[in-house]
Amino acid sequence: MHNKTRFQYWIIIVAIIFVALPKFSKAQTSISSPYSRFGIGETNVFNNAINNAMGGVGYAYRRNNSINYMNPASYAGIDTTSFVFDVGYYTEWITLSNNQYKSSGNKAGLSHILIGFPMGNKFKFALGIIPMSSVEFNTSETIIDSALGKHTKSYESLGGLNKALLGISFTPIKNLSIGVNLEYVFGNYYKSSTIAFPDSTYMYSSRVENNYHVNAFNFNLGLQYFQSLSNGDKIGIGVVYDLPSKFPTDNVLSRYTFTTNAGLEYMKDSIHKENSSNSIEYPSTIGLGLSYEKPNKLFIGIDGRYMTWSDFKFQSNYQNTYFVNNFKVTLGGEWRPDIYGNYFQKSIYRFGVFYDNGMLEFNNNNRINEMGVSFGIGLPIKKSNTMINLSFEYLNKGTKENNLIEEDYFRIGLSFSAKDLWFFKRKYQ
């Protein structure tokens, strides 16, 4: 790139970051999974268009023009003279149904903002911000009894967690890299239960609110090893481990009464307010990935992940009622017809499938499992090291048995990954 073009290029990237960052605090949402009310919310958040197009494969995957935070050892793939920028977005359409009702909606948001850069030949770094979980649940029921008359009980959960990360990879010997993601976990949860008397002029409604503010540090480890074969192909292995963690929380409990007029609430009495501290006990994760690759032509990978959700507690004094250990397996890959061919031959075509046996269990061994299929394409931008990645997924989660809820998702992901020179000066003679 010429200096003027490069300057304009990075001005655009900085503008994207400043516009995008506020949206991590509030994605545009009109419907969300009712299962998000449990634990820290919906944890199977969108990763990025590259990995998701391959079903979620990533433990033994690395590239020099994108950032794969699924395994911090993969940062070793960043070139020693390159700076990598990666940003992503997703939108999804959701249908919720049981044996009696059906509803649909959509939600959208940013999936990641990441940059990667080298410090010498052996150390590579990544910085960024990514979502960790999301919660948006609201339900109500109207009850008529002789003692209280007609009243409404409602429950609401909102919030989620994000992660700001510093990733480091180190290559001690050829073909082997180890890495660590140092994470600052932050976010808020709001949970409330309300009893309202919409038709009464003399009975006050009441609400109990719990606000949880999370600020914590966490880290996870990764390893990758690639071995070249006699024909030039490569086989790889990737391992990740996330230690069990405690996320400290600052909590505020409030109880108050209110009245409603013309759709507006007016507080009457604050009955109780209490500040306390506790913690979220988050489970450990171990993941293993295997890959086979024909460089610049074909990549096939398979991942397995095990999480000890039975050890999870939303607060240390809560009983873990519904959570069970779960396993996820993913198979996916990508294919490039001809790196020197025409535009569509240079493009990258991706595919994948996954199955997750679920971390929630209700009603006599009803596991809330999940499965999905995906495909996508990577579109190169001419005369640059930039790739536009698209992913398309269909996911099915849950069951209608025992009046539970089944969820169907159609999700589209878009990511923009760019590579440019990093503190490199050309020399002329």
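A compact table of results
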| quantity | calculated |
| --- | --- |
| Rounded FRET efficiency, nearest 0.05, which uses the C-beta distance separating L421 from Y349 and R0 of 30 Å | 0.60 |
| Stretch in the chain that is longest and holds no trypsin sites (Lys or Arg not before Pro) that DSSP places in a loop and that have at most 14 other beta carbons within 10 Å | 175-296 |
| Extension reserve of the N357-I173 stretch, reckoned as 0.36 nm per residue once the Cα distance is removed | 62.5 nm |
| Cα-projected label distance for N138 with K150, points at 7 Å along beta-carbon direction, nm | 2.1 |
| Charge-dipole axis of the chain as Lys and Arg at +1 and Asp and Glu at -1 on Cβ define it, positive-most pick from V185, G88, F217 | G88 |
| Inter-label distance for S104 and N396, nm, one decimal - labels placed 7 Å from Cα along Cα-to-Cβ | 1.8 |
| The chain: calculated mean residue ellipticity at 222 nm from DSSP helix runs of at least 4, using -39500 (n - 2.57) | -2000 deg cm²/dmol |
| Per-pair calculated FRET efficiency, R0 = 22 Å: I388 and W93 via Cβ, rounded to 0.05 | 0.50 |
| Tilt relative to the chain, helix 3-20 - C-alpha long axis, 0 to 90 degrees, to 10 | 20 |
| Footprinting exposure proxy for H213, H272, H151, H112 (fewest neighbouring C-beta atoms within 10 Å first) | H272, H213, H151, H112 |
| At most 11 other Cβ within 10 Å, DSSP loop - chymotrypsin sites (Phe, Trp or Tyr not before Pro), the range 315-390 | Y340 |
| Gain upon complete extension [L243, S316; 0.36 nm per residue less C-alpha separation] | 24.6 nm |
| For the range 162-257, alpha-carbon Rg over 2.2 N^0.38 Å | 1.98 |
| Cα-based equivalent ellipsoid, the chain: semi-axes from gyration tensor eigenvalues, Å | 44, 23, 21 |
| Efficiency of FRET between N366 and T81 - r from beta-carbon atoms, R0 41 angstrom, step 0.05 | 0.15 |
| Where labels lie 7 Å past Cα in the beta-carbon direction, separation of D338 and F217 in nm | 5.4 |
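None of the figures in this text is laboratory data; all of them are computed from the coordinates on show. The model shown is predicted, which means the values in this text are computed figures rather than measured ones. Here the Cβ is made from the backbone with ideal geometry for all residues, glycine too, and neighbour counts use every protein chain on show.
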